[in-house]
Amino acid sequence: MASKHLLFFAILFFSAVSVFAEENPSLVMDYYKDTCPQAEEIIKEQVKLLYKRHKNTAFSWLRNIFHDCFVESCDASLLLDSTRRMLSEKETDRSFGMRNFRYIETIKEAVERECPGVVSCADILVLSGRDGIVALGGPHIPLKTGRRDGRKSRADILEQHLPDHNESMSVVLERFANIGINTPGVVALLGSHSVGRTHCVKLVHRLYPEVDPQLNPDHVPHMLKKCPDPIPDPKAVQYVRNDRGTPMVLDNNYYRNILDNKGLMLVDHQLAMDKRTKPYVKKMAKSQNYFFKEFARAITILSENNPLTGTKVKYRESSAIMGMICTRLWAEFSALLDTIWL
């Protein structure tokens with residue numbers, strides 16, 4: 001009797017998985033056109049509304065793409081909360097300064113009201129980042145959808161993937177190359193530093209005990225005024241705007257700044273000085289169209305980094321109805337196996 005139950009659940013489970021895998025082989029444009037045709041429009045309208053109320057949300061959405069997609073997969077594992085057995089990615093030191101995750105939940109709730117259990121958090125994270133780029137004056141980037149949500153935090157391997165702002169340009173270029181982004185793509189993505197702000201925690205090593213002589217002396221007094229403490233309180237609101245000229249606009253002014261030695265972080269300075277990246281910095285400083293072209297291409301590659309689709313599906317409970325069915329079947333199947341093999 002038990003063997004009959006085992007066979008039934010095995011057939012049912014693997015049939016469900018195989019059918020779903022066939023229907024979702026890869027990322028595609030307008031993935032939700034039949035199941036939730038208003039999904040992308042809802043996300044765009046929510047981004048506009050939230051940006052109108054809270055301007056700094058757009059910086060957060062853009063940064064979400066980088067921190068989530070760079071670490072092995074675009075699967076919204078960044079949004080997972082810590083548990084007793086698992087540290088959340090968003091609570092690690094490398095995620096310092098990241099915030100506004102609650103607004104992703106706001107967008108998710110709006111989508112759920114229209115299409116319960118259909119649109120993944122991973123797609124919402126990517127699409128909100130895309131629409132945030134537009135809110136900041138950047139280009140509209142057509143992006144594919146159909147990602148599934150990861151259920152495992154990758155906090156333990158962040159250091160292996162995410163490049164740090166103090167690392168050498170060789171390491172930075174290598175990390176990006178590992179996911180298919182070439183040198184002009186790296187230069188373009190770092191153009192994200194055109195918007196937002198940098199906390200003093202990440203700057204003081206260039207100001208204390210002595211000022212880095214490579215910094216533009218005309219820019220130093222402003223930095224010292226904003227960061228008066230050599231050991232700043234991480235919880236204090238102490239920061240410097242990345243671009244004092246157009247702080248709320250994603251544009252190529254960043255490149256002119258770093259060529260003038262006004263880059264805040266070490267990686268900004270290296271980008272303008274390294275012989276491998278400097279030619280692209282100069283080109284983007286002259287042409288915003290070229291910057292936007294390379295930026296759009298790099299964001300597309302980043303957003304498609306090893307997504308969970310098809311047979312690689314892993315679900316959050318709220319991600320999709322089929323996901324809940326598969327999860328339940330697997331639990332029952334595993335329990336039955338335990339009963340038989342014990």
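The values are calculated or read from the model by the stated rules, or taken from the named source; none is laboratory data. Given the structure is predicted, the values throughout are model-derived calculations rather than measurements. Quick reminder, even Gly has a Cβ in these numbers, built from the backbone with ideal geometry, and neighbours come from all protein chains shown. Quick note on the areas: whole protein, heavy atoms, side chains included, nothing else; ligands and nucleic acids left out. Shrake-Rupley method; radii C 1.70, N 1.55, O 1.52, S 1.80 Å.
Tell me, what is the percent relative contact order of the stretch 169-272, built from C-alpha pairs under 8 Å that lie six or more residues apart? Present the calculation step by step, with values, prior to reporting the outcome.
Details: 115 pairs, mean separation 37.0, N = 104.
RCO, the stretch 169-272: 36 percent.
Would you mind checking Lys48/Lys282; Lys152/Lys235; Lys108/Lys144; Lys52/Lys152; Lys44/Lys283 for any pair whose Cα atoms are more than 25 angstrom apart?
Lys48/Lys282; Lys152/Lys235; Lys52/Lys152; Lys44/Lys283
Largest first, the extents of the alpha carbon coordinates of the stretch 167-220 on the three principal axes equal 38, 23, 19 Å.
Which of the chymotrypsin sites (Phe, Trp or Tyr not before Pro) found in the stretch 73-143 are loop residues per DSSP with 16 or fewer other Cβ atoms within 10 Å of their Cβ?
Numbers: sites: Phe96, Phe101, Tyr103; in loops: Phe96.
Those that pass, being in a loop and sparsely packed, are Phe96.
The listed peptides 39-49, 66-76, ordered by packing as a protection proxy, come out as 66-76, 39-49 (highest mean of other Cβ atoms within 10 Å first). Taking all C-alpha pairs of the stretch 181-290, those more than 24 Å from each other amount to 23 percent. Pairs of Cα atoms nearer than 8 Å and 6+ residues apart set the relative contact order; for the stretch 74-208 it is 25 percent. Computed from the Cα positions only, the extents of the stretch 24-177 along the three principal axes stand at 44, 36, 30 Å, in decreasing order.
Quick one: which of 175-185, 201-211, 291-301 comes out on top by average Cβ neighbours within 10 Å, and what's the full order, highest first? Can you show the working numbers first?
Numbers: 175-185: 17.6, 201-211: 15.6, 291-301: 21.3.
Going from most to least packed, we get 291-301, 175-185, 201-211.
Calculated on the alpha-carbon coordinates, the convex hull of the stretch 91-173 measures out at 154 cubic angstrom per residue.
Rolled with a 1.4 Å probe across the full set of protein chains, the surface gives His269 an accessible area near 20 Å².
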